[in-house]
Structures are given as C-alpha cells and as structure tokens.
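Coordinate-derived values only; no laboratory data. Computed from a predicted structure; not experimentally measured. Because the Cβ atoms are built from the backbone with ideal geometry, glycine has one as well, and the counts that use them run over all protein chains shown.
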Amino acid sequence: MGLYVLTIPFATLTAASVSPCRTALYAQIDVDRNGLLTVDELSSVLGEDNESAAKMIQSADKNGDGQICFDEFLDLWLKREEDVQQELTKDVQQALKATQDNQPDLPPGAARKK
C-alpha cells in the first residue's frame, strides 16, 4: 500500500480562488456582516474563550485596529495551513525513516520490500 502526500501551492491562492471558503467560514464568523471579525465573534462562533480569541486577533491583525479583515483572515488561514502541511510532511518523513531503519541492510543493488 502506497503513501501519498497532497501538497497545495498556497502562494497561488487568491481571494477569488478561496471565495467558497470565505462564504463557508469567514461569513459564518462575521455575525454582524460588517466585514470585520471581533473578539466576541471569534469567541462565540469558534467556541474560544475571549483570551484565546484576542490572541488570535493579535497574531493576525496587521493594521492594529483590533479586528481581522478578510485579507488578514486569509493570511492567518494560509499560515496555519502551511504549518499543518509542514507538520504532516515531517511526520511522514519520520515514519518513512523509521520503516527504513527497521529493514536489514541490503547489499548494493538489492531492492527493498514494498
């Protein structure tokens, strides 16, 4: 059985290409539909406490207005996706290395079991 890792070129994503995600997620969080996410919206919709929601906003709020606009949200989302992809890649590499380490040394030119 083979192991496959799906990679997505996150740098190529644009607001237009993620518009379904915007309506599915961002619009759900933006309860008052003003185009900005607040601590209250994040905490109530995502089930986060106010402190966690404030930290999330602080980490994404590039213009310092205390809220997250769609572009800031998209940047945060893409960063988290990249982090997940990196962790997945690291885990797969470790698993493959462990599998290889558990096989006996083979003479040059011999094929490993698949």
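Out of everything in region 35-53 that is in a helix (DSSP H, G or I) and in contact with a helix residue (DSSP H, G or I) (Cβ under 6 Å, 6 or more places away or on another chain), what residue ends up being surrounded by the fewest Cβ atoms within 10 Å (Cβ to Cβ)? Full working, then the answer.
Within region 35-53, the subset in a helix (DSSP H, G or I) is 39-46, 50-53.
Remaining after also requiring in contact with a helix residue (DSSP H, G or I) (Cβ under 6 Å, 6 or more places away or on another chain): 39, 41-43, 45, 50, 53.
Working: V39: 21, E41: 20, L42: 21, S43: 17, V45: 15, N50: 12, A53: 22.
Restricting to residues being in a helix (DSSP H, G or I) and in contact with a helix residue (DSSP H, G or I) (Cβ under 6 Å, 6 or more places away or on another chain), the top hit is N50.
Give the residues of region 54-78 that are within 15 Å of L25 (Cβ to Cβ) and either without any contact (Cβ under 8 Å) to a residue 60 or more places away in the chain or buried (at least 18 other Cβ atoms within 10 Å of the Cβ) (or both), sorted by residue number.
Pass one, region 54-78, residues within 15 Å of L25 (Cβ to Cβ): 56, 60, 68-78.
Listed by number, the residues that qualify are M56, A60, I68, C69, F70, D71, E72, F73, L74, D75, L76, W77.
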